[in-house]
1. Computed FRET efficiency, Cβ-Cβ of Asn157 and Asn544, R0 22 Å: what is it to the nearest 0.05?
2. Could you give the dipole magnitude of the chain about its Cα centre, charging the beta-carbon of Lys and Arg +1 and that of Asp and Glu -1, in debye to the nearest 20?
3. Can you tell me the FRET efficiency between Gln389 and His459 if r is taken as the Cβ-Cβ distance and R0 is 45 Å, rounded to the nearest 0.05?
4. Calculate the length of the line joining the C-alpha centroid of the stretch 384-462 to that of the stretch 79-113, in whole Å.
5. When you count, for each residue, the other Cβ atoms within 10 Å and take the mean per peptide, how do 238-249, 335-346 rank with the highest first?
6. Work from the charge dipole of the stretch 280-423 (Cβ charges, +1 for Lys and Arg, -1 for Asp and Glu, about the Cα centre) and give the residue of Trp343, Ser287, Val412 farthest towards its positive end.
7. For Val355, what is the net charge nearby, where nearby means another residue's Cβ is under 12 Å from its Cβ and Lys, Arg count +1, Asp, Glu -1?
8. Sort 417-430, 447-460, 312-325 by the packing proxy (mean of other Cβ within 10 Å over each peptide's residues), most packed first.
Amino acid sequence: METVEWPIKGDAMFGSGSFGGCAGIRAVAALLKSLGAVLLAFGVTVPAFAGQAGLAWNPSASAGVTGYYVYYGQATRTYSSKLNVGNQTSFTVPNLTAGQTYFFAVTAYNGAGESGYSNEANALIPKPTPTPTPTPTPTPTPAPTPAPTPAPTIGANFTANRTAGAAPLNVSFTDASTGTISSYAWNFGDSSASATKNPSHTYTRAGAYSVSLSVTGSGGTKSITKSGYIKVGMDNDLVVDFGATYGIWQWLNNTNWSPLHGTTSKRIAMADIDHNGQADEVIDFGSKYGIWIRMNNASWVPLHSESANSTVKADVDDNGQDDLIVDFGSRYGIWMYMNGSSWRPLHGTTAKQIVIADIDHNGRDDVVIDFGATYGVWAYMNGGPNWKQLDTRSPSWMIKADVDHNGQDDLVMSFGAGTGAAQAYPGKGIWAYLNGSAWRQVDSRTVASTRAIGIDIDHNGQDDLVIDYGTDGLWIYRNNSNWVQLHSVASKSLSKADLDSNGQDDLAVDFGSKYGIYVYMNGNSWVPLHGVSASTITSGQVDNR
């Protein structure tokens, strides 16, 4: 710091010996600090602060100095304020008015007196720089997250024109998916598939089939599986007429008996009249009540006031909906009840028996009618108008079965007891009309048969024949090759149903009043069903389960 000599105020007042004449007192330097202005004082620069001034000076060299006074005011050499700062050589003067210029001087003092003023210094006291209120940093409004444009959605679904029936069962599937679909992948549950939108498929074997559809589009891939959707040969319920004493009962799902009606019937047929996949019971109560339909196991609907000789189901017009072939006897002949709504005449002559089979293997039902000994057996082909004669004779019984296992319906007929030896057509015994063209003898034994049924006993996909030979009991013609006796007792009736819903045919046999009704389950064991013999036993899918 630069040292400057200040002139001493009133040296004489100290006396000659107090300060060594006070002539040696050194001047005091003042340094002032100012924000925004720099004061050069005695060669040293010190910035001043708002409302105050910092001063500094060299100590006096005179002996006996005990302290210093700081004088200041707002006019040169006119000091309105005085501060005793003791023996320190720097001091900050407080409480100054901002924006004013102040003038400062320092004196030294001791017990004897005070020196004169030092040289004068001045400083402009700066106004305080206002502390700016910080502008708050605005919280940025978050940019809205744009809602993603939803991907187009698709959904998989389908329907079928029929979901139950006997094999071969032709089913037309209709896509009911939603959204924009670009490809289809069907699985019909029997190792068959399709990539078309609305495919048709024929099920040739009995069983419950799960159908799956996967669709692909702009929304990805969606799939749906309907488990057990198609039931082929899955007539797992029985409608049993126990006669006038007990009336008609239903054996449902192989678990429980349910009463249907207290009045005995003349005959019972099963058909899906309203085309919803559930069998309806068509019951002929005889001349007193006529024919009624138990729709969906829920309500009764009259069909006709006349009783009939026979009633069978067929899809005559090949639209997937069951029709009825009803023989009203010699007075009215044979009529067709089409699509649950209208009657159409088929033939004016009454029939001995009627069987439905696809003889020409084109996927359409043919109506095979035995008109008795006078006219023989004829087939109403493909919904008409063509008739084809199959045999001039009238068989004692006639059934449908795929004997040679080629997927085409055959007809099996009994023309009485055989001769015990093979014969050329036409001969006695049991014959098969194979593939709509050729006759072949199945059995020539000399015992006449009373009834038969086509059923896949061993569940290998090929129809077997169960034939009742009366006193010789029940026999199985297995896989078109060998004979096996099934039971030594003759039957009153034969019916087939998949009672345990495992896809394999079971055989219901009414052994008459002595033994009641038994079921040959899954081709290996006999299970009693009821101790009372029945008037009729009819299989179907009654409760749609």
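Each reported figure results from applying straightforward, stated rules to the coordinates on display, with no laboratory input. In this text the structure is predicted, and so the values were computed from the model without any measurement. All Cβ positions, glycine included, derive from the backbone under ideal geometry; neighbour counts span all protein chains shown.
1. Numbers: r = 19 Å, r/R0 = 0.88.
Approximately 0.70, to the nearest 0.05.
2. On the way: 33 positive and 45 negative charges, 455 e Å.
It works out to roughly 2180 debye.
3. Approximately 0.80, to the nearest 0.05.
4. Rounded to whole Å, the Cα centres lie 143 Å apart.
5. Taking the mean over residues of other Cβ atoms within 10 Å, the ranking is 238-249, 335-346.
6. Result: Ser287.
7. Neighbour charge sum, excluding Val355 itself: -3.
8. Details: 417-430: 15.6, 447-460: 19.7, 312-325: 21.5.
Highest to lowest by the protection proxy: 312-325, 447-460, 417-430.
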